[in-house]
Structure formats: C-alpha cells, structure tokens
Amino acid sequence: MELHILEHSLKVASIEKEGIQICTHGLVKLAFLASRTRCKFFSLTETPEDYTLIVDEEGFKELPQSEHISVADATWVALNVVSGGGNASNSQPIGVTKIAKSVIAPLADHNISVFMLSTYQTDFILVRERDLPMVTHTLSSEFTLLRVVNGEAVAAPHLGAANGFVKPKLAPRPVIHPLSSPSNMFCVTSLDPDTLPSVATLLMDVMFYSGGSKEASAASEDSGHIRFFSFSLIEGYVSLVMDEQTTQRFPNNVLFTSASGELWKMVRIGGQPLGFDECGIVAQISEPLATADIPAYYISTFKFDHALVPEENIQSVIGALRTESAAQ
C-alpha cells in the first residue's frame, strides 16, 4: 500500500451563512470556471451551521477578506492511501473503514489531529503541515511513502522524526461526543466535469440559494431533516454528496450512480463545535465500523463530523457507537 503526500498546501475555513453572498463570485469561479484559476483542490460543504471550505492557497486568493470567514490555524496537507500504483483519483477507493487501523488509529495514538474528506473517488486525510515529520515516521513501517510532485508520485524524502520518539501505549477510544442521525437519505455521486456547464445553474441554486425559508421550515428539528450538501472539484474530479430529494432535481443520466442505487444514512458527531486540536474523533467512529466491516464515507467540517453508512446498517451502527459511548 502506498501513502501519497499531495503537493497542495491547504486552508480550512468556515464561511458564515449570512456571509455567503460576498463569497459567491469567488466560489462560482472555483467550482465552475476552474480553467481560469490555478486552483487544484476545492471542496465546499454546507451544513445547518455554516459552509466549510477546503481549498489550496491559489484558490484561497479568489475569496475576499471578510469578518464572515474564519480560517483554521496552520496550513494543512492531504494524504491519500492508494492500493497499488497509479494516480489516486483513478484507483479504487479504499474507504475510511479500511484505513481506520492502518492510518487513522496510529495517528490518533500519536495525538495527531486529522481532518477527513471522503469523496466519490477516494478519501483524503488532512494533517497539519507541521505534523508531517511525525506522520511519516508513524506510518513509514506500514506504507511506501510517496510525494506527489507535478502530478507524479516520487519517493518522499526523509522528513526526520521528532527526537525522543516513543511508541505510545495504545488505549481504547470511547465515543465521547453526542451522536444524531438525521432523517435524510444521502447519495454519494459524481458527474463528468464536461457536463458541469449544463447543470451549472441547478448546482448554483443548490449550493447557494436552496436554503430559503420554505426549505428551512421543512428542515426543522422536529422532522429530523438537515441541510447538507458537499461539492468537491479536486484534480479535475467532481464529487457530490446530497440528500435523495436534491438528487432528483438533476436530469437523468447526468449523475454517476451505482447499479444498486445505494443510499446512505448519516451519523452526525458533536453536540458543540469540536475544534481542531482534539485528536481521535475520526478513530472513535471509524474503528468500530471497521471491526464490524461496515463501509463508510467520512466528512469533517469546521464544527462537526459526519459519517455516512449504508442505509441498512444505520441502526446497528448507532447501537454499536452508543455502546462504545456507554462503556467509557
């Protein structure tokens, strides 16, 4: 197995709902006019609280300075696990539960905070750039480490581990944050980037304008329905995560769907904003899923985390995670 260290230097930011209008021009340019920017890594996820933006430094230049934008401390680097050779984006996705024990758990054991972004194509593990020496030291025994330079994977130089490195004593990680499962059913899908112009108006409406008063009232806490939409354009590949109702707004044969038409249910993690310095949250969720061999997508946002599991597994997942929580 190979661990690719991508060349992008990334910013993670929160855009307040009331500030989205001043950012719309830049975000539209990044999403739909990528050829006019030098941005190679762009992801925008809307939750009930805010918009979470993950973007490389070139893309970040497209946004205005604003009091409505909060940027996380430090620069982030994306890691990608690849099974065999080749470009990560055209290989089979590994799945977050498949890397739970080989990547996520060891990093949590070394108190390294991670930020996850699962897409239709693959899973990105974001770590702070300053943690990279410890990350490579921790994972070098399990993976062939490669740096991506100008799109090509080359042997990663030895980054040097911290002096006095001590293998940590492994400890169980009980689930310590509240869990909830909204009523929506979600689709994880993609489309051919060449078809983006034909659905640009629809996508812009979904991304920026569909959260109006009518939808907001329908998405009340009583109904359990939440607002969640994620759009990623990374190295030319598009990934979309949206609920079933939103999917039905798209023309036939535009979205890529599996033959089984699989639907996913969400587990939301966090009663209060989680913060970026807390370690082990992804491991707390992904390890029990890995033990149960349940596939999952995982999307961290600025304030909360979100795991998507197959619809038929949601009750057993909630039960297993709450058992973990009760066991602490």
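The values are calculated or read from the model by the stated rules, or taken from the named source; none is laboratory data. These numbers were taken from a predicted model, which means no experiment stands behind them. Reconstructed Cβ throughout: ideal geometry from the backbone, glycine too, with neighbour counts over all protein chains shown. Side chains are part of the model used for accessible areas, which takes the heavy atoms of the whole protein and leaves out ligands, DNA and RNA. Shrake-Rupley method; radii C 1.70, N 1.55, O 1.52, S 1.80 Å.
Every condition in (1) part of a strand (DSSP E or B); (2) of a type outside the set (Phe, Trp, Tyr); (3) crowded, with 21+ Cβ neighbours inside 10 Å; (4) over 17 Å from the mean Cα position of the chain (by Cα) is met by Cys23 except one, and the failing one is (1). Can you find a residue in region 292-303 that is within 17 Å of Pro178 (Cα to Cα) and surrounded by fewer than 22 Cβ atoms within 10 Å (Cβ to Cβ)? Checking region 292-303: at least one residue is within 17 Å of Pro178 (Cα to Cα) and surrounded by fewer than 22 Cβ atoms within 10 Å (Cβ to Cβ). Filtering region 29-60 to residues that are open to solvent by 30 Å² or more (accessible area, probe 1.4 Å) and either under 15 Å from Phe124 (Cβ atoms) or touching a residue at least 60 places away in the same chain (Cβ under 8 Å) (or both) leaves Phe32, Ala34, Lys40, Pro48, Glu49.
All of (1) at pLDDT 90 or above; (2) loosely packed, with under 12 Cβ neighbours inside 10 Å; (3) in a loop (DSSP other than H, G, I, E, B) hold for Asp222 with one exception: (1).
Taking region 64-81 as the range and being open to solvent by 20 Å² or more (accessible area, probe 1.4 Å), among the hydrophobic types (A, V, I, L, M, F, W, C) and not in a strand (DSSP E or B) as the test, only Ala74 passes. Can you tell me how many residues within region 94-153 are open to solvent by 30 Å² or more (accessible area, probe 1.4 Å), part of a loop (DSSP other than H, G, I, E, B), touching a strand residue (DSSP E or B) at 6+ places or on another chain (Cβ under 6 Å) and of a type outside the set (Phe, Trp, Tyr)? Number of matching residues: 1. Candidates Ser198, Ser217: the one that is hydroxyl-bearing (Ser, Thr, Tyr), at pLDDT below 60 and assigned to a helix (DSSP H, G or I) is Ser217.
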